[in-house]
Structure formats: structure tokens, C-alpha cells
């Protein structure tokens, strides 16, 4: 029976419709799985469930009430920093997967990965949409945005490198949990700067603007208070900053600081050499057993001093790896440099009253500060026993939650003291990024924002496939040439059979 042209057309149309229906079924199934509208539809089949979110993270993401935007800015290093390239690539892959999981959890969460070098328009649009400045585009980072607040997270915060084993540990889920919880909080944490005594001004580009900008990126609100004019410390203040006062704080100001601290307020003090602080010195010694030396003395560290800048101490190690403030610096995948100019000597009058965060090198000693200071050798009659075996604390933390440090009552807040005031200025924060990171970590700890790791880090298992040139050629022939040749032969065979 001959097949008519109309029947042949109907047959072809039927096959075409069936093909379209199959494609629609595949596309619809993929869309269904991607959006995950049915609980439990997706599964993690990996051996160690590495793609499964912690229950606390899942509950937080599923319960967000406001739109949350997660934007990952990443530019491959591509040989520019060979020592960091592998670390950067591993952290990027893990973070990209983490964002996808976060996007599956709630329709209020939108995620985006941007390559600024190849997609500058998308990068600029994301900056404009979130209100982030163009100056924030340096390096690779994760941006968390909600309720008009931004938190910028660098790759050094998302992962760390174990120097002993060389293994990468990923902290991204814990960091993401804290960032999302912070930007979706109803109350905004406030950092108040003391003024009226020549302190660093958070609104001046040459003073404290760089530090204030970093805190704004971490979703803090900046305030100012002048106790000399009778103003009171705002009750919503999470951290009160006393940054390098150039004039003596009066007894009324010291009393206000003490009252604020005893009621649970947290203090960040930056007191270096050349800072008149007789009243503050007396307060610190009586309340916290911290003995600051005279304002005309300066700590000299021969092992950590640059020849051209004898007044500066360069710290690349001696970070306390067990404290939340300095732990990220001690465990960073690359060596970080903190520079502290004109460090004021500090001695501890009682053991265990505080935790040292950063110390000078063994062999450092207090010296008399004078204009045009130059490095010199310590005379034999100036040496004290044991000075070559230990350094001086340059930053300390007091936590009343620890019994040995509960000196001002059970309700007292935390205190962090840096023995350098100018290291928080814009000049040093902009030039040495680790200075800013250290200060921001201190504010996090003081305000309770960084209350330890809620979610344990995971080790990234690096799988490397090493192939020789013969292996590559074999793979090319097996994957590219052989399938094409088989298809060609099959086509010739079918053609020959039909002709026959």
C-alpha cells in the first residue's frame, strides 16, 4: 500500500510533536529541580554530605522575611599570584555551591556570580543596586545585602590554610550565617566615637574615615559623642571608641566611661605614645591591672623595626591564634602585616587579668621618645633580666565572662586596648589592609557579633588530575576523534544499506 504525501506529512508532524514534548518534559523537570518547590526533592549523594547545609543555616535562610541578595565577585588570579591561585580557586568553587544551596532555600534570596573583568556592566549594576562604592571592587569577595545594609566578605575570611598540613579549611557557611543574621536584624549595632579631645574623626579622610568606612561595610552605624560638652553616651551604643586623644580626658569623662562599661558597655581604646592620658592610665591600672608607661616613652623593637621608619613596629607573627580577634590573621593563607607606629609600652601588673592579642618580638624594650627618633642599641646597664626572652603586649583584651578577668563586676562589658593610636588612622588602614581587618575583628568581638564559630569549618578535599602529554593526546582521540569517526562510519553504512 502506497503512503500518500498527506500521511507522510502527518507522520513527520507527529514525530516532531513527540520530540518537542520530550524536550519540554526534560526542561520542565530541570526547572522543577532547580527551584525545588517540593521539599525533599533534591538530595546530597556525596560521601560526606559536603553540600548539605547545617540545620541552623537552613532554618535561618528559610525564615528570612526580607529580600536578601548574595553576590559573589570573582576574578581568577590566572598566574598573577601563583601562591594563592589554588586557594582562591577552591574557595570560589565552594562558595559558588554554597550560594546555590542558599538560593534553593528561599525565594526571597537571590544569588549572582559576577566576573568583573569580563562583565563590568553587571558588576557596576550590582554595586549601584546595593549602594556599594566602586572603591570596594578590589579583590574577590562575597557581598551580602539586605535592608539597605551591606557586609563585604573577603576570600581570606571564607577560608584558611593550615600551615602544618597545607590543607584548606572552609569557613564559608559559618561566615554566611553570621552575615545574613546581621543584615536581617531589626536593630543596627552602633559604634560611637568619642570626640572633643582631638581624637580621630570618623568623618575626616585623613583621620578615621577609612575605619568608619570599613565598619559601614560590616553593617555598623557610626555615632559620635562629646562628653566635654555634656553629651551622654547613646544607650544603643554597642562599642565606644576612644581613638588617640591628643588632650587629657577629664575626670568626668573617665567616670562616664566607667559607668558605661560597668553597665555592660564595650570599650575600644587606642592609646599610643605622645598621648596625654594620666587619668586614663590610672583608670586602666586600677580597674584592669594594665600599666601604660609614660606618654614620652615608646616601645623599640629591633627585630620588627624598618630601617627607614624606626618609630614603626611591623608585626607579621606573634598573633594569638586562640583568640577570635587575631585568629583569622594567625591562620590566614598569606602572611599579613600589621604596622603599629609609636607603640606605648604596656606591662601587666597581675597575671591572667587580660589576654594578649599581639606582642612585640623578644628583645624589645621601652625607650625615651624624642623628635627625630633613631634606632639604637641597648646599653648593657639598661638591660633587664629576661628581656631577650619575651616581648611586650601591644594589644590586649579583657573579657569579664572569664573568672580571672572579672574585675569590674558581672555585668561589665569587654575591653580591647591597642597601644598605638595612629595605626587606626586612614593612612595606615588604607596602606596596610591587615590594620583594618584587625580593628574590624576587635569591633566584632566587642559587640558580640563574632561569638566564636557556630558552624565548624570543613576541610576542602583537593582532587588533582595530573596528566602527561601522551595522556592528553589519548583523551583527545578517545573523546573527540573516535566518536566522530564512529558516527561517520555508521552514516556511511546506513547509506550503503539503503542504496543496496
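The values are calculated or read from the model by the stated rules, or taken from the named source; none is laboratory data. The shown structure was predicted, so the numbers you read here are calculated from the model rather than taken from an experiment. In this analysis, Cβ positions are derived from the backbone assuming ideal geometry, glycine residues included, and neighbour counts consider all displayed protein chains.
Computed values, structure above
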{"read-out": "Residue ranges of helices (runs of 4 or more DSSP H) in the range 199-312 with at least 3 members modelled with pLDDT under 90 and touching a helix residue (DSSP H, G or I) at 6+ places or on another chain (Cβ under 9 Å)", "value": "209-217"}
{"read-out": "Output for the range 350-389, where each listed residue is modelled with pLDDT under 75 and under 21 Å from residue 284 (Cβ atoms)", "value": "350, 351, 352, 369"}
{"read-out": "All positions within the range 275-296 that are buried (at least 17 other Cβ atoms within 10 Å of the Cβ) and in contact with a strand residue (DSSP E or B) (Cβ under 8 Å, 6 or more places away or on another chain)", "value": "277, 280, 281, 284, 288, 289, 290, 292, 293"}
{"read-out": "Criterion (at pLDDT below 75, in a helix (DSSP H, G or I) and within 30 Å of residue 155 (Cα to Cα)) met by exactly one of 44, 83", "value": "83"}
{"read-out": "Test: residue 157 is under 14 Å from the mean Cα position of the chain (by Cα) and in a strand (DSSP E or B)", "value": "no"}
{"read-out": "Filtered residues of the range 297-311 (kept if within 28 Å of the chain's Cα centre (by Cα) and crowded, with 20+ Cβ neighbours inside 10 Å)", "value": "304"}
{"read-out": "In the range 398-421, the residues that are surrounded by fewer than 22 Cβ atoms within 10 Å (Cβ to Cβ) and either modelled with pLDDT of 90 or more or outside any loop (DSSP other than H, G, I, E, B) (or both)", "value": "403, 404, 405"}
{"read-out": "Candidate set from the range 313-333 (those that are touching a helix residue (DSSP H, G or I) at 6+ places or on another chain (Cβ under 6 Å) and assigned to a loop (DSSP other than H, G, I, E, B)); member that is nearest to residue 420 (Cα to Cα)", "value": "325"}
{"read-out": "Any chance residue 136 is part of a helix (DSSP H, G or I) and either more than 23 Å from residue 184 (Cα to Cα) or at pLDDT below 85 (or both)", "value": "yes"}
